[in-house]
Structures are given as C-alpha cells and as structure tokens.
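Enquirer: This is the structure, below, for whatever I ask next.
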Amino acid sequence: MSQTEAKEDKESHVDAFSENPINKNLTAEEKINFYRQMMEVRCFEERAVHSYQQGKIGGFCHTYNGQEAVAIGTISMMQSDDHIITAYRDHAHGLAVGMNMNECMAELYGKVTGCSKGKGGSMHFFAPDKNYWGGHAIVGGQIPLGAGIAFALKYKGTKGVCLCYMGDGAVNQGAFHEALNLAALWKLPVVFIIENNRYSMGTSEARSSSVSPLARRALAYDMGYDTGIGNSVYEVRVKTEQAMEKARSKNVPTLLEFDTYRYRGHSMSDPDKTYRTKDEIADYKNNQDPIMLFGSILIDEGIASEESLIDIKKESRKKAEASAKFADESPFPEIEDITKDVYWEEDNPEHKTSEGTMFFK
Amino acid sequence: MPEITYREAVNQAMAEEMDRDSDTFVMGEEVAQYDGAYKVTEGLLKRFGEKRVLDTPISECGFAGLGIGAAMMGLRPIVEFMTWSFSFVAFDQIFNNAANIRYMSGGEINIPIVFRGPGNGGVNVGATHSHTPENFYANAPGLKVICPATPYDAKGMLKTAIRDNDPVLMMENTILYNNKEEVPEEEYLIPFGKADIKKEGTDLTFIAHGKAVLTCLKAAEILEAEYEVDVEVVDLRSIRPLDEETILNSVKKTSRVIIVDENKPFCGVGAQIAYIIQEKAFDYLDAPIKRVSAVDAPQIYSMPLEQVQLPNAQRIVQAATSII
Ligand SMILES: Cc1ncc(C[n+]2csc(CCOP(=O)(O)OP(=O)(O)O)c2C)c(N)n1
Ligand SMILES: [Mg+2]
C-alpha cells in the first residue's frame, strides 16, 4: 500500500461514529478488548466446527462468523440493569455477556459441566446471572419474551433496557408483530435488534419479506426505527446507544436493523450450495470482515500493531482449544438427571405442596 | 421392484399425485429452491414450477391457515412443516380451523389438506425441536393422523392422504428418511385405519407406530434369540382412524401386550390403546398391559442421554421379560 493510499484509508476511518463521544472516550484498553472479544467468538466458533466435524458435537449448531460486531458492539452498551435475549445463533451473545468458553463448549458437547448441564445444547444457552435470558430455537419465539423482560423492568421500576435479537427471517412470524404492537402500545423499554445476515436458511430477504428495509415495519406500530452497518463496532455502538437512551429515558421501544453476513452455512447441516455464490462470501470476508476492519482501525489509531493483533488471535485460539479439551474431559449427565430441572417443586422437595403423581411411565 | 428410500417414497407420492391432479400443490419453508430442508421435495420445483411448489416465509401460522383457506375453495394443498415442532406456531389454524370448519358448517365445507413433515426426537436438537405431537392432533375429531414407518407405507398412505377429503396429518421421521425398501412400480394406495403386522408371533404383542416399530422389531429379534419368545409386532401406521380389530386379534392370540411409543407417556397414543384393550379384550389378558415411552421429561440435548430417554431395544426387552 502506498503512503497516500494508507493516508486516505486512515482518514476514511474517522467519521461521525468514531468521533461520537461514546467511542471517542473509550480507552485503548477498552477498544482492544472489543477486538479480543470478537476474535474469541470467531475462534470459539471455529473450534466448535472442528469438534462437530469430529463427531463430538451433534444436532444443530449455528455459527456466528461474520456477525461478531453486532453482538460485541450492542452488548458493549449494556449497563448493569440491562438484559438480553436472542435466538439460536447464541454463542456470541453468551461469550459477550461474560460466559466462559469452557461452559459454552461443554454445553455443545452435551456435558454436565455445560452452562445448561448438557440439557439445552447449542441453541439453548442461558445465563440469567449475567442478564442473558437465552438462547431460543423456535424462530420468533423469543421476541414476545423480550417484550416481557422489558415489561418486568418497567414494572419493577429499574432503569434497565432489554435488547431483543432476531434474524431477518424471524420478522415474518406472527409473534414479532404481536410483540412489537404490545411494546409500542404499552411503552416498553425494549430495543428489538434485527441481525440481517441476508438469508433465513436458504431464503434471501427479498424472497421472504415484502418490506425493505425490514426495520420499516416499525411504522405499522408507530415505533421508531433505524438501520446501520453491522460490521462496524463503532456504528453499532452509536445506534444501539441512541435506541437504548430512548428506552431508558422515555420507555420508547425501537426497531434496529443491522446489515451483516454469515460466512458458514445456516447450521452445520447446511451444505450451502444453492442460494449464494462463493464470490459473494469471499467478497464479504475479504473486504467487509468486522474483525479485520476493526483491527485496521486500531492500527490506524495507533493503539495496536499487526503483531499485537496476531498475539490476540493466538491467545484466543489457545483459549478455544483449552475449552475443547475441558469439554472433552468432562462427564456426561447421569440418567437420573433427565428428570431433574423439570419442575421447581420436584427439585425443592422441602417446599413441595402438591400431592399426586408428577412423572409418568 | 426398485428399492427406494423413505425420502424418495414421500417424494414420489407427492409427484404422482401432482401429476394426477392439477389442484394439488406443495408449500413450506425451503421446499422449492433449496429442494427441502431434508430434501424430501427434491426436484419438485423443477418439475412442477413455481405456481405449484412454493417457498414460504417463516410464517407457519400464516401458510398453514392459507392452506386451509385454499382447501375450503377446493384446492388440495400439501403443507410441509420443516418439523412438526414448528407446527405449534400454527396450532390454532390446525386445531381450530382445519379440525372444526366442516362440523361447524354442518358438513357444507370440506378441508382436503395434507400437513406433513418429520416429527421426532433422537437427533440431539433439544427440547424445542424434538416433539412428537401425534397424540395432540389425534385428540381432535376432524383430523386424521398417520405415522408410517417404512417407505412402502409412506408412499401408499401419503397418496391416500392427498386424495382424502379431510385434513390429514402425516408425521415422518428424519432418522427414517434414508431407510430403503422395495416398493412396487405400479400404483398402490394404502387405506387409513389398517394396521400392519410387521412380524407374526404367538407369545407377546408389541404395538407401535413410526420409528418405534423398527425398535420393536430389533427387540423382538433379541427376545427370540435370547429368551425364545416369539413376538408379534403390530405397526399401527394410522393413529386416527385406528385399527382396533388388528390390535384386539393380536392380543387375543398372545395375551400379553407392550405398547411402545417415542412420545411422552401422559395421554399418549398408548393410553388410548390400553383403554381399548382392557375394555374389549380384558378376559384374554394374562398380564397387565405395559408401556415403554420416552422418559417423562422435556427432551434432553445430551446425545448419549437422549438415546436412553427414547425407547430402545434394551428397554423394550426389559419390559418384556417382566411379563413373560
Ligand atoms: C417456527 C420455526 N420455524 C422454522 C424453524 C427452522 N429454522 C430455524 S432457523 C431458520 C431460519 C431463520 O433465519 P433468520 O431469522 O434470518 O436467522 P439466522 O439463522 O439468519 O440467524 C429456520 C427456518 C424454526 N426453528 N422455528
Ligand atoms: Mg438471517
């Protein structure tokens, strides 16, 4: 790259988003931490793919590669009273709220040391202690729950906001529309976030939705909406903050849509051969990758070097590798565990008030 | 006779009926351009075009209801659910509209629709994706429910379903899709309400539907080899209507019954069958009726545990040895 090209490139990184105080005031350490978080998500997913191919993980496993800036950017705006809920592409959100790789990888392996003791699997991560309410595998099913979390926050009088994520395909579920109307009608502090990766399984957005951009559907409920570039950590943070601020100060919900892209098939079961070209994937990877872009911003800003970023990648890989080892060495649940965690009352016999048979053969 | 997979059997049944009747069309998520999430509709778009093979948005309530409306107008939709677990989003349309409209119109309106797709556990996808709702749907008078276990049955019964003037729900199984069997080239139809004896025997009757039939056949082999017990395996094939006669004849012959069901036990299909047997063949029974069902909890994700949660040959053999 010539000197002038490099300079122009550098200038192009300075924009309203990077200059916005919420980004401008970040410490170098905080910024590098975003990079590290995105890299850890990427390495975790790649290790999970490897384990899946080894037969250590089964079922459905949806990876987040390409979308990292959305989860990391939005979740970086959370304060202690804020909560999140998402769909089944949920590993990144878990890691972003502070779940550790070991418990996440062990869950994929179906081990008792997993975040849900091997009961939920890839699509059903939960960490309520970190304000993370899952991990929901029925498309659209989490959207009314997100409104409900916001309802509870308002009811209890906390200043918290709920970030409720969904894919571009989920907006076609009835649950989406019912939840949005309720949120607008009852003024709930919720930010609905569409992670638009252009496809719902093998169906492009244009083949499944009559309205574009998807976020415009908010108008039907007299709700505010906004769209943004989902591979830019800075932009994601600014747009999220604006929506969260409205929710926090005025109990006004917003529908946010971030354009993003997934590199791998819909899940590990998708051969990914019918609905997009290899060139399309390569173009995104080579030119719009959120981790690469943020890395070059950090270098331009003078707070990281090629070498320091490579070190972060190495460390992240190591961590992911260690999580696979941990998962591999952990035990499976016991047969008796199958009927535990079904009813609170059965798990708390000292408080049991019901009589009669609960489980049948 | 050509050997075909369960997947091909379902595919052929749809293609043949679409050839036969231009009012028959297929819709569902990923059924057209993607050739089906489980490739069951492979080639149909190419053959029948976009008018008759339609990719839907992820809107089960919408397209299930749309199908019912189209059926009221005399079309014959085949609605694919990617899995039956997702049909719950459309439960109201099926349970209220498809099941009741004929009745509430005093018989004026028919609903000739087929809902089909896989509904099974055993593939390590967790509680929300592992439902087997044949008992829920069979609970509704107005709906017919079939659960074929083999390619031959799947083809013959789906063809019957498409020609049927009532709503028919066919529950398949992703684990069965690759199973192969010889299937006649010439056309055949299998009527509903006819069970099939998959193995004759004299000492003990297994009653099952869907994949559990194959598990029963495995258990029967073990019982034959290790315990010299000769088991009869009755494959219900159709849940509603139900072939009471074949069930009762087998019970009268063997006097011992085990009902095997991959569903959870409470109000499962087996509960209805056990009631019928005690009512109509009480005097023939030499032992209490036994059931082997899924362990009564939401489906666990962990792979080795789910294998134990579902009825396996071992659990069936264990139940059998307790009553012989
Ligand atoms: C009600 C329901 N229907 C169908 C499915 C199967 N399914 C799982 S993910 C998916 C595509 C969703 O796409 P999108 O909302 O864009 O999210 P993405 O996978 O791209 O993150 C489908 C059809 C499901 N899980 N739930
Ligand atoms: Mg998508």
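Enquirer: Output the residue which, of all residues in the stretch A:302-361 that are of a type in the set (A, V, I, L, M, F, W, C) and without any contact (Cβ under 8 Å) to a residue 24 or more places away in the chain, is farthest from the other protein chains (Cβ to nearest Cβ).
Expert: A:ILE310
Enquirer: A follow-up question, please. Looking at the stretch A:140-168, which of its residues are hydrophobic (A, V, I, L, M, F, W, C) and within 16 Å of ligand 2 (Cβ to nearest atom)?
Expert: As a first pass, look at the stretch A:140-168 and keep what is hydrophobic (A, V, I, L, M, F, W, C): A:143, A:145, A:147, A:149-153, A:161-164, A:166.
Listed by number, the residues that qualify are A:ILE143, A:CYS164, A:MET166.
Enquirer: If you take the residues in the stretch B:185-229 that are among the basic types (Lys, Arg) and assigned to a strand (DSSP E or B), which one is farthest from B:CYS147 (Cα to Cα)? Even if it seems obvious, please write down each step before you answer.
Expert: Filtering the stretch B:185-229 for residues among the basic types (Lys, Arg) gives B:194, B:198-199, B:211, B:218.
Still in the list and also assigned to a strand (DSSP E or B): B:198-199.
Numbers: B:LYS198: 14, B:LYS199: 18 Å.
Top of the filtered list is B:LYS199.
Enquirer: If you go through the stretch A:57-107, how many residues are acidic (Asp, Glu) and in a loop (DSSP other than H, G, I, E, B)? Steps first, answer last, please.
Expert: Restricting attention to the stretch A:57-107, the residues satisfying the condition of being acidic (Asp, Glu) are A:68, A:81-82, A:90, A:103, A:107.
Imposing the further condition that a residue be in a loop (DSSP other than H, G, I, E, B) reduces the set to A:81-82, A:90.
Here the count works out to 3.
Enquirer: Condition first: touching a helix residue (DSSP H, G or I) at 6+ places or on another chain (Cβ under 9 Å) and among the hydroxyl-bearing types (Ser, Thr, Tyr). Now tell me which residues in the stretch B:82-104 satisfy that.
Expert: If the condition is that a residue be touching a helix residue (DSSP H, G or I) at 6+ places or on another chain (Cβ under 9 Å) and among the hydroxyl-bearing types (Ser, Thr, Tyr), then B:THR83, B:SER85, B:SER87 are the ones that fit.
Enquirer: Filter the stretch A:93-106 for residues that are away from chain B (no Cβ under 14 Å), crowded, with 24+ Cβ neighbours inside 10 Å and among the small types (Gly, Ala, Ser) and give the result.
Expert: The answer is A:GLY94, A:ALA96.
Let's see how each residue does on (1) small (Gly, Ala, Ser); (2) buried (at least 24 other Cβ atoms within 10 Å of the Cβ):
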site	(1), (2)
A:LEU108	no, yes
A:LYS119	no, yes
A:SER122	yes, yes
A:PHE126	no, no
A:TRP133	no, no
A:HIS136	no, yes
A:VAL139	no, yes
A:PHE151	no, no
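Enquirer: Could you list all residues from the stretch B:123-144 that are open to solvent by 20 Å² or more (accessible area, probe 1.4 Å) and over 13 Å from the mean Cα position of the chain (by Cα)?
Expert: Within the stretch B:123-144, B:VAL123, B:ALA127, B:THR128, B:ASN139, B:PRO141, B:GLY142 qualify.
Enquirer: Quick test of your reading of the structure: A:PRO189 fulfils all but one of (1) away from ligand 2 (no atom under 16 Å from the Cβ); (2) open to solvent by 10 Å² or more (accessible area, probe 1.4 Å). Name the failing condition by number.
Expert: (2)
Enquirer: Tell me yes or no: at least one residue of the stretch B:109-116 is open to solvent by less than 30 Å² (accessible area, probe 1.4 Å) and free of Cβ contacts under 8 Å to residues at least 40 places away in the same chain.
Expert: Taking the stretch B:109-116 and keeping what is open to solvent by less than 30 Å² (accessible area, probe 1.4 Å), we get B:111-116.
Filter once more, keeping what is free of Cβ contacts under 8 Å to residues at least 40 places away in the same chain: none.
Scanning the stretch B:109-116, I find no residue that is open to solvent by less than 30 Å² (accessible area, probe 1.4 Å) and free of Cβ contacts under 8 Å to residues at least 40 places away in the same chain, so the answer is no.
Enquirer: Mind listing just one residue for me: the one in the stretch B:39-57 that is farther than 12 Å from B:ASN11 by Cβ, open to solvent by 30 Å² or more (accessible area, probe 1.4 Å) and in a loop (DSSP other than H, G, I, E, B) and, of those, nearest to the other protein chains (Cβ to nearest Cβ)?
Expert: Result: B:PRO57.
Enquirer: Look through the stretch B:58-83, keep the residues that are crowded, with 19+ Cβ neighbours inside 10 Å and part of a loop (DSSP other than H, G, I, E, B), and return whichever of them is farthest from the other protein chains (Cβ to nearest Cβ).
Expert: Checking each candidate, the answer is B:PHE81.
Enquirer: Among the residues of the stretch B:87-99, write down those that are within 9 Å of another protein chain (Cβ to nearest Cβ) and either surrounded by 21 or more Cβ atoms within 10 Å (Cβ to Cβ) or within 20 Å of B:ALA13 (Cα to Cα) (or both).
Expert: B:VAL89
Enquirer: State which residue is most open to solvent (accessible area, probe 1.4 Å) when the search covers only the stretch A:153-176 and only residues that are over 19 Å from the mean Cα position of the chain (by Cα) and of a type outside the set (Gly, Ala, Ser).
Expert: Initially, the stretch A:153-176 is screened for residues over 19 Å from the mean Cα position of the chain (by Cα), giving A:153-159, A:172-175.
Those still in the list that are of a type outside the set (Gly, Ala, Ser) too: A:153-156, A:158-159, A:172-173.
Numbers: A:LEU153: 16, A:LYS154: 82, A:TYR155: 180, A:LYS156: 159, A:THR158: 54, A:LYS159: 121, A:ASN172: 22, A:GLN173: 8 Å².
Step by step, filter the stretch A:153-176, then rank; the result is A:TYR155.
Enquirer: Can you run down the residue pairs with Cβ atoms below 6 Å, 6 or more apart or on separate chains, where the first is in the stretch B:73-86 and in the same structural domain as B:GLY119 (by TED's automatic domain parsing) and the partner is within 16 Å of ligand 2 (Cβ to nearest atom)?
Expert: B:MET82/B:GLU29; B:MET82/B:ALA37
Enquirer: Within 16 Å of ligand 1 (Cβ to nearest atom), among the small types (Gly, Ala, Ser) and open to solvent by 20 Å² or more (accessible area, probe 1.4 Å): which single residue out of A:ALA206, A:ALA179 fits that description? Outline the logic, then answer.
Expert: Values: A:ALA179 fails: open to solvent by 20 Å² or more (accessible area, probe 1.4 Å).
Being within 16 Å of ligand 1 (Cβ to nearest atom), among the small types (Gly, Ala, Ser) and open to solvent by 20 Å² or more (accessible area, probe 1.4 Å) holds for just one of A:ALA206, A:ALA179, which is A:ALA206.
Enquirer: Next up: Looking only at helices (runs of 4 or more DSSP H) that fall completely inside the stretch A:222-324, which ones have 3 or more residues that are within 19 Å of the chain's Cα centre (by Cα)?
Expert: Working: elements: A:233-250, A:278-287, A:290-300.
By residue number, A:233-250, A:290-300.
Enquirer: Could you check how many residues of the stretch B:292-320 are in a loop (DSSP other than H, G, I, E, B), within 11 Å of chain A (Cβ to nearest Cβ) and surrounded by fewer than 20 Cβ atoms within 10 Å (Cβ to Cβ)?
Expert: Total meeting the criteria: 3.
Enquirer: Tell me, which residue of the stretch A:209-239 that is touching a residue at least 40 places away in the same chain (Cβ under 8 Å) and within 16 Å of ligand 2 (Cβ to nearest atom) is surrounded by the fewest Cβ atoms within 10 Å (Cβ to Cβ)? First the steps, then the outcome.
Expert: Start the filter on the stretch A:209-239 by keeping residues that are touching a residue at least 40 places away in the same chain (Cβ under 8 Å), which leaves A:209, A:213-215, A:217, A:220-221, A:223, A:230-238.
Right, trim to within 16 Å of ligand 2 (Cβ to nearest atom) and you get A:209, A:213-215, A:217, A:230-231.
Details: A:SER209: 19, A:PRO213: 17, A:LEU214: 23, A:ALA215: 24, A:ARG217: 23, A:GLY230: 30, A:ASN231: 26.
In this case the residue turns out to be A:PRO213.
Enquirer: Looking only at residues in the stretch B:260-272 that are open to solvent by less than 20 Å² (accessible area, probe 1.4 Å) and assigned to a helix (DSSP H, G or I), which one is farthest from the other protein chains (Cβ to nearest Cβ)?
Expert: Of everything passing the filter in the stretch B:260-272, B:VAL269 is farthest from the other protein chains (Cβ to nearest Cβ).
Enquirer: So for the stretch A:252-268 (the condition being in contact (Cβ under 8 Å) with a residue 12 or more places away in the chain and exposed (fewer than 14 other Cβ atoms within 10 Å of the Cβ)), does at least one residue qualify? Spell out the reasoning first.
Expert: So the first thing to find is which residues in the stretch A:252-268 are in contact (Cβ under 8 Å) with a residue 12 or more places away in the chain, and the list is A:252-264, A:266-268.
If we keep only those that are exposed (fewer than 14 other Cβ atoms within 10 Å of the Cβ) as well, we get none.
No: the stretch A:252-268 contains no residue that is in contact (Cβ under 8 Å) with a residue 12 or more places away in the chain and exposed (fewer than 14 other Cβ atoms within 10 Å of the Cβ).
Enquirer: Another one. Within the stretch B:273-291, is there a residue that is assigned to a loop (DSSP other than H, G, I, E, B), in contact with an Asp or Glu (Cβ under 9 Å, 6 or more places away or on another chain) and free of Cβ contacts under 8 Å to residues at least 40 places away in the same chain?
Expert: To start, the set of residues in the stretch B:273-291 that are assigned to a loop (DSSP other than H, G, I, E, B) comprises B:281, B:285-289.
When the remaining residues are screened for being in contact with an Asp or Glu (Cβ under 9 Å, 6 or more places away or on another chain), the result is none.
No: the stretch B:273-291 contains no residue that is assigned to a loop (DSSP other than H, G, I, E, B), in contact with an Asp or Glu (Cβ under 9 Å, 6 or more places away or on another chain) and free of Cβ contacts under 8 Å to residues at least 40 places away in the same chain.
Enquirer: Something else: Pull out all pairs, ordered by first then second residue, where Cβ-Cβ is under 6 Å, the residues are six or more apart or on different chains, the first lies in the stretch A:141-167 and is more than 14 Å from chain B (Cβ to nearest Cβ) and part of a strand (DSSP E or B), and the second is more than 16 Å from ligand 1 (Cβ to nearest atom) and open to solvent by 10 Å² or more (accessible area, probe 1.4 Å).
Expert: Short answer, once both residue conditions are applied: A:CYS162/A:HIS83; A:CYS162/A:ILE149.
The values are calculated or read from the model by the stated rules, or taken from the named source; none is laboratory data. Just so you know, these numbers come straight off a predicted model, no measurement behind them. Please note: Cβ atoms are built from the backbone with ideal geometry, for glycine as well, and neighbour counts cover all protein chains shown. Each accessible area value is taken on the protein alone, full model and side chains, heavy atoms only, with ligands, DNA and RNA left out. Shrake-Rupley method; radii C 1.70, N 1.55, O 1.52, S 1.80 Å.
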